[in-house]
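To start, the structure under review is shown below, and the notes come after it.
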Amino acid sequence: MTRIERGYIARRRGTKISLFASSFRGSHSRLTQTITQQRIRALKKLLLNHKILAQIAISNRNYLYMISNEIRK
C-alpha cells in the first residue's frame, strides 16, 4: 500500500500543540510523545500557580495587586 500525506489541518494541529512546549523551535520534529508529556506537565504547573494565586487573593488582596503590577512591568 502506498503512503499518503496527511492534510494541512493535521499538521496545523500538531504545530499548535508543539508551540506550547518549550523545546519546540518550529522545525519538523518526531518527538511528539515528549512534547505532549511536556505540555501536560506545563498545564499541571499552570493549575498549581492558579491555586497559589487564589490563596493569596483570599488571604491578602494587596499582595495580589503587587504581584500583578510586577508582572505588567
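The order of the peptides 34-45, 2-13 by mean Cβ neighbours within 10 Å, most packed first, is 34-45, 2-13.
Extension gain for Gln37 to Asn60 (0.36 nm times residue separation, less C-alpha to C-alpha distance): 4.8 nm.
Only the coordinates and a few stated rules stand behind these numbers; no lab work does. All of these numbers come straight from a predicted model, not from anything done at the bench. We place every Cβ from the backbone using ideal geometry, glycine too, and count neighbours over all the protein chains shown.
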